[in-house]
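Everything below concerns the one structure shown next.
The values are calculated or read from the model by the stated rules, or taken from the named source; none is laboratory data. Owing to the predicted nature of the structure, the values given are computational and were not obtained by experimental measurement. Here the Cβ is made from the backbone with ideal geometry for all residues, glycine too, and neighbour counts use every protein chain on show. What goes into the accessible areas is simple: the full protein's heavy atoms, side chains included, and nothing from ligands, DNA or RNA. Shrake-Rupley method; radii C 1.70, N 1.55, O 1.52, S 1.80 Å.
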Amino acid sequence: MFLLAFYGGGFGVFLRLEQKRLRDKAPLHMTRRESISAAVIAICTFLISNISYVTTNTPFSGRMTTEIFWIRTLVDFAGVAVLLSMQDRWQDMQTQHELTAIQTLLKRQYEQYRISRDNSEAINRKYHDLKHQIQVIRMESDAARREEYLSQLEKGMQSLGVNQHTGNDVLDTILSDKQLYCSQHQITLTIVADGARLDFIETMDICSIFGNALDNAIEGVEKLADPQQRLIRVAVYTQNVFLIIRVENYCTAQLSVVDGEYRTTKHDKDMHGYGIKSIRYTAEKYGGSVSADCSDNWFHLSVLLPLPEKA
């Protein structure tokens, strides 16, 4: 009874301390190598602390009861201290890895935005040039040749004329680029966005939120065989003192939740879950939050940001 009470109380105290230490930290995902290292340290600590019961001819052995008690106590505490320091080190490395991955995604989205902006400007210039070319072609005397040229030019202009006007230039560039991609892959993208409300958000953060959210949505609907089900909806609006960003896509797959995060369906497992983590990291920067749920064959991603007081 004494052993049960003593060990139960001791393990209970350690459990409470661990829960308190790790309450605000992400779950630790250990590799097999790290688990083996921790097990080896624990076994070595146990063997050294009890070596006095096997032989007394070592520096870690004792003959008297008091000596054995102090040797076991000090060695066991040293082993616990080593394990705790290793755990903190692994936790810091995991956090640093996640931050590096998020920063990489952020830079990637910003680079995509810059490329899209340059492409959009080039497309708009080409669009206006083509309109003038059409006027010249209409003066062609050969009617058959004139109509052939016109049909070719108008067909090419249909894909060039995909432009969004939400009130925010950064959002317009991102949405126009995604709209063009969706039109080429039989994806219906519906947008209702008040982009003027995004003025308090930095350019790179807008790229992170909308770039990651739309990339995830597009990848989700591209797997659907029926083009009628390839549906994405984007909404940006205000309600009371909050800015709400909603990105929804039709979803027929069963998504599993691990540690509060939806498990990725991407082939690139190295970037597992970092898209939504990047969005959450950006939202928390402005004092906001992110929620995601899947119901009635729709995946809903919502970003809630408090509006600045001046707004």
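One table, with the values for the structure above:
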read-out	value
Candidate set from the range 274-299 (those that are part of a helix (DSSP H, G or I) and of a type in the set (Phe, Trp, Tyr)); member that is farthest from the chain's Cα centre (by Cα)	Tyr281
Residue within the range 33-48 that is under 30 Å from His97 (Cβ atoms), at pLDDT below 90 and open to solvent by 50 Å² or more (accessible area, probe 1.4 Å) present	yes
Any hit, the range 250-267, residues being surrounded by 12 or more Cβ atoms within 10 Å (Cβ to Cβ), in contact with a Leu (Cβ under 7 Å, 6 or more places away or on another chain), at pLDDT 90 or above and in a strand (DSSP E or B)	yes
Test: Val247 is part of a strand (DSSP E or B), modelled with pLDDT of 90 or more and of a type outside the set (Gly, Ala, Ser)	yes
Flag for Leu189 being assigned to a helix (DSSP H, G or I), in contact (Cβ under 8 Å) with a residue 40 or more places away in the chain and touching a strand residue (DSSP E or B) at 6+ places or on another chain (Cβ under 9 Å)	no
Selection within the range 272-289 - open to solvent by 40 Å² or more (accessible area, probe 1.4 Å) and at pLDDT below 65	His272
Residue satisfying condition, being open to solvent by less than 100 Å² (accessible area, probe 1.4 Å) and either among the β-branched types (Val, Ile, Thr) or modelled with pLDDT of 80 or more (or both), within set Ala26, Ala5	Ala5
